[in-house]
Amino acid sequence: MARRITILLLAVLLIAALAILPFFLKAFYVRVGLSIFLSAGFAVCWWLLAGFTSYYSFGHTAFVGIGAFAAALALRAVPEAAPALQLAWALGAGLVVAGGIATIIAWPILRLRGHYFTIAMLAVALVLGEAVAAFPVFGGSTGLALPNLAPMSVRVEAFFYWIALALLAVVLAIAWAISRSRLGYGLAAIREDEDAAQMLGVPTTRFKVVAFVLSGALTGSIGAVYALNLGYITSDSVFRGSLSLEMIVNSLVGGMGSILGPVIGAAVMTGVTKLVLADLLEYHLAITGILIIAVVLLAPDGIVGLWRRRRAREAE
Amino acid sequence: MTALVQTLVNGLLYGGILSIAAVGFSLIFGVMSVINLTHGIFVIGGAYGALVAWSVLGIDPLLSIPPLMLVAFALGWGCQRLVIQPAVERGNPVAALLVTFGFTLIAVNLLTVTFSSSVRSISPSYSFINLRVGDISIDLVRLVAFACGLALIAILGSFLRFSRWGRVIRATALSELGARLCGVDARAVYALTFAVASAFAAASGVLIGMMLPFTPAEEVTWTVYAFIVVTLGGVGSLGGAMLGGLLLGLVSTLTQTYLGAVYTNMVMFLILLVTLLVRPNGILGSAFKASR
């Protein structure tokens, strides 16, 4: 109990410290922080499904895209509302539409396991991306513009920095709550052995669907923020295979075994690409590739795994 | 009527290319249960190899196929031994997949730095010749590429069917444990499989480079097409890759002619999704081990 309160206090302090950072940092560093929070948020959403159940989705960018376009289209309906209402409306649209579509595809797609689930999610993302590019409602190849919702008195990057931070905190809290719930234990059982879990009375299908829909809906709401921050979206910019891959890579680099894994992975990978590799733009891809291979081969349980192994060794 | 026949002919010719471009992917998926994201880069690498051979050394693309296959074989062997095998031994299927992704990033980067990201194409002297059969016109290049593709598939088929090493590969695919009990060095077989698959991917890349323009970033397309072809036809069987490729070629050209080019990819991806949901083993089913 005491430990839980300590963790909670530390979390609140950390979030407060991160929240006041934009007052001291240059715009560039605030933007780096913003992209860290966004990619950490996406990675945690992906991890909600993959980390608990080991259903590795290769097409989570589908939900980013759905959230983004749902927000853009929803904002057209309320051009005159107050910015704060519009923001809530856009986030809600992203959440609900992505969650709704996730619910529709959950049953057929979760019947598949292993590689087949992975590929099927890739196919979902590809189909949706092509469909959005093909139909004029979504702006076709020209895309859609979103209004700027940041109040005049606040710097744009700081505004989105705070929203992304808040969303990341919410997503982390949900993941943490699940990990201590019946649902979380059931999902872990599915990860270890789905057939055995079913035999022992875990409602595997229902649990998987819940995890899938939660993961999709939350990805959608962060996708809405992602779109608002971009200000202008096309099928290519939000239904982007590299977004799906980033979620996977960040989670693996950080470590799949802990909620903090995806966050640490996102911070390290985004930090490395934006700060360290900023001058090496030409070899950016190759260095990322080397990093991925190195992590998989040398630190299979990610950064969190390395740290845990070290602690275990010290304890001996 | 003529338009339909013309579309069907074009579809079959394109499908032949899709088939040969997918056999390597199919082999690796079937034997090693690894989703090989490096596949597309070996295809595109083959195209760039042929481009260099043609524009610098003046070698006809078709003649550059055997040496390029040797180079790809060696590269594939090394890549499997150094990078992919250690990841496979981690026992996590996603580890292997990520490692192939990392390798692909490096290769795309190197290709872009070497050749720039602009669109390239190979056009040997005979590339603008059209054959006419009645009202149907056929590009000579496409016909030649189709024939070469079929020949290559036949070669790979007889290698797997009749050679000693082919038999060992098939045995390992059926049961790694069983094969090892019979004295097979499974790691060597995996390296050989990967090398053979890479060689055939590069060969298909040469054929593709003769027909279509290409860029380093195009590798994603060919990996995804290989995915669709293999899923549709059935994992790990050459017949499956053939059937899947031809069907997909037909669907692709029919969509392009009768619905519009915007919808081609969407229809192809929909087919992938529907196949996975309705018949995940593909049309011919999977003769190799279940890839769960």
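Here's the yes/no breakdown for (1) over 15 Å from residue A:228 (Cβ atoms); (2) within 18 Å of the chain's Cα centre (by Cα); (3) modelled with pLDDT under 95:
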position: A:11; (1), (2), (3): yes, no, yes
position: A:22; (1), (2), (3): yes, no, yes
position: A:28; (1), (2), (3): yes, no, yes
position: A:31; (1), (2), (3): no, yes, yes
position: A:44; (1), (2), (3): yes, yes, no
position: A:58; (1), (2), (3): yes, yes, yes
position: A:64; (1), (2), (3): no, yes, no
position: A:79; (1), (2), (3): no, no, yes
position: A:85; (1), (2), (3): no, no, yes
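Can you name the residue in region A:110-135 that is more than 20 Å from the chain's Cα centre (by Cα) and in contact (Cβ under 8 Å) with a residue 40 or more places away in the chain and, of all such residues, is nearest to the other protein chains (Cβ to nearest Cβ)? So that I can check it myself, show each step before the final result.
Here is the first cut: in region A:110-135, the residues more than 20 Å from the chain's Cα centre (by Cα) are A:111-116, A:127, A:130-135.
Imposing the further condition that a residue be in contact (Cβ under 8 Å) with a residue 40 or more places away in the chain reduces the set to A:113, A:130, A:132-133.
Working: A:113: 6, A:130: 4, A:132: 10, A:133: 7 Å.
Per the stated criteria, the residue is A:130.
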### Message
Quick check on my filter: what residues within region B:63-105 are under 15 Å from residue B:28 (Cα atoms) and basic (Lys, Arg)?
### Response
B:81
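Given the residues B:255, B:275, which is the only one that is under 21 Å from residue B:11 (Cα atoms), within 14 Å of another protein chain (Cβ to nearest Cβ) and touching a Phe, Trp or Tyr at 6+ places or on another chain (Cβ under 7 Å)?
On the way: B:275 fails: touching a Phe, Trp or Tyr at 6+ places or on another chain (Cβ under 7 Å).
On inspection, the qualifying residue turns out to be B:255.
For region A:205-233, name all the residues that are among the polar types (S, T, N, Q) and buried (at least 20 other Cβ atoms within 10 Å of the Cβ).
Pass one, region A:205-233, residues among the polar types (S, T, N, Q): A:205, A:215, A:219, A:221, A:229.
Of everything in region A:205-233, those that are among the polar types (S, T, N, Q) and buried (at least 20 other Cβ atoms within 10 Å of the Cβ) turn out to be A:215, A:219, A:221, A:229.
For (1) more than 19 Å from residue B:155 (Cα to Cα); (2) basic (Lys, Arg); (3) modelled with pLDDT of 90 or more, each residue gets a yes or a no:
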| residue | (1), (2), (3) |
| --- | --- |
| B:24 | no, no, yes |
| B:29 | yes, no, no |
| B:35 | yes, no, no |
| B:47 | yes, no, yes |
| B:53 | yes, no, yes |
### Message
Which pairs turn up if I take residues in region B:221-235 that are away from chain A (no Cβ under 11 Å) and look for partners that are among the acidic types (Asp, Glu) with beta carbon separation below 6 Å, at least 6 apart in sequence or on another chain?
### Response
none
### Message
Return the residues of region B:77-118 that are among the small types (Gly, Ala, Ser), more than 7 Å from every other protein chain (Cβ to nearest Cβ), over 20 Å from residue A:51 (Cα atoms) and surrounded by 18 or more Cβ atoms within 10 Å (Cβ to Cβ); say none if nothing qualifies.
### Response
B:107
### Message
Taking the conditions exactly as written (crowded, with 20+ Cβ neighbours inside 10 Å, over 17 Å from the mean Cα position of the chain (by Cα) and in a helix (DSSP H, G or I)), does residue B:173 satisfy them or not?
### Response
yes
### Query
How about region A:235-283: which of its residues are within 14 Å of chain B (Cβ to nearest Cβ) and hydroxyl-bearing (Ser, Thr, Tyr)?
A:235, A:242, A:244, A:251, A:273, A:283
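Can residue A:185 be described as assigned to a helix (DSSP H, G or I) and in contact (Cβ under 8 Å) with a residue 12 or more places away in the chain?
Values: assigned to a helix (DSSP H, G or I): yes; in contact (Cβ under 8 Å) with a residue 12 or more places away in the chain: no.
So residue A:185 fails the test.
Yes/no matrix, rows are residues, columns are (1) more than 14 Å from chain B (Cβ to nearest Cβ); (2) closer than 30 Å to residue B:34 by Cα:
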residue	(1), (2)
A:41	yes, yes
A:44	yes, yes
A:97	yes, no
A:104	no, yes
A:144	yes, no
A:153	yes, no
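Do you know which residues across region A:198-208 are part of a helix (DSSP H, G or I) and either under 12 Å from residue A:183 (Cβ atoms) or out of contact with any Lys or Arg (no Cβ under 9 Å at 6 or more places or on another chain) (or both)?
Selection gives A:198, A:199, A:204, A:206, A:207, A:208.
Mind listing just one residue for me: the one in region B:109-159 that is of a type in the set (Phe, Trp, Tyr) and touching a helix residue (DSSP H, G or I) at 6+ places or on another chain (Cβ under 7 Å) and, of those, farthest from residue B:239 (Cα to Cα)?
Applying the first criterion (of a type in the set (Phe, Trp, Tyr)) to region B:109-159 yields B:115, B:126, B:128, B:146, B:159.
When the remaining residues are screened for being touching a helix residue (DSSP H, G or I) at 6+ places or on another chain (Cβ under 7 Å), the result is B:115, B:126, B:146, B:159.
Values: B:115: 36, B:126: 31, B:146: 16, B:159: 14 Å.
Top of the filtered list is B:115.
So that you can scan it fast, the table gives a plain yes or no per residue for (1) touching a Gly at 6+ places or on another chain (Cβ under 6 Å); (2) within 22 Å of residue B:75 (Cα to Cα); (3) among the aromatic types (Phe, Trp, Tyr):
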position	(1), (2), (3)
B:170	no, no, no
B:206	yes, yes, no
B:209	no, yes, no
B:249	yes, no, no
B:253	yes, no, no
### Message
When the residues of region B:46-95 are narrowed to those that are assigned to a helix (DSSP H, G or I) and among the hydroxyl-bearing types (Ser, Thr, Tyr), which ends up nearest to residue B:20 (Cα to Cα)?
### Response
B:48
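Quick one: which helices (runs of 4 or more DSSP H) lie wholly within region A:209-316 and hold at least 1 residues that are on the phi > 0 side of the Ramachandran plot and touching a residue at least 12 places away in the same chain (Cβ under 8 Å)? So that I can check it myself, show each step before the final result.
Details: elements: A:235-238, A:241-254, A:260-271, A:284-298, A:302-315.
Because the criterion is at least 1 residues that are on the phi > 0 side of the Ramachandran plot and touching a residue at least 12 places away in the same chain (Cβ under 8 Å), the helices (runs of 4 or more DSSP H) in region A:209-316 that meet it are A:302-315.
Please go through region A:138-169 and pick out each residue that is free of Cβ contacts under 8 Å to residues at least 40 places away in the same chain, surrounded by fewer than 20 Cβ atoms within 10 Å (Cβ to Cβ) and either over 29 Å from residue A:262 (Cβ atoms) or not aliphatic (A, V, I, L, M) (or both).
A:140, A:152, A:153
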### Task
Answer yes or no as to whether residue A:269 is among the hydrophobic types (A, V, I, L, M, F, W, C) and in contact with a Cys (Cβ under 9 Å, 6 or more places away or on another chain).
no
### Query
Has region A:56-78 got at least one residue that is more than 14 Å from chain B (Cβ to nearest Cβ), aliphatic (A, V, I, L, M), surrounded by 24 or more Cβ atoms within 10 Å (Cβ to Cβ) and touching a strand residue (DSSP E or B) at 6+ places or on another chain (Cβ under 8 Å)?
yes
### Task
Looking for whichever is of a type in the set (A, V, I, L, M) and either over 26 Å from residue A:177 (Cα atoms) or within 14 Å of another protein chain (Cβ to nearest Cβ) (or both) here; the options are A:295, A:304, A:225. Which one fits?
A:295
### Query
If we scan region B:20-39, do we find a residue that is in a helix (DSSP H, G or I), under 20 Å from residue A:288 (Cα atoms) and within 13 Å of chain A (Cβ to nearest Cβ)?
no
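The values are calculated or read from the model by the stated rules, or taken from the named source; none is laboratory data. Note that the coordinates shown come from a computational prediction; the quantities given were computed from them, not determined experimentally. Glycine also receives a Cβ, built like all others from the backbone with ideal geometry; neighbour counts cover every protein chain displayed.
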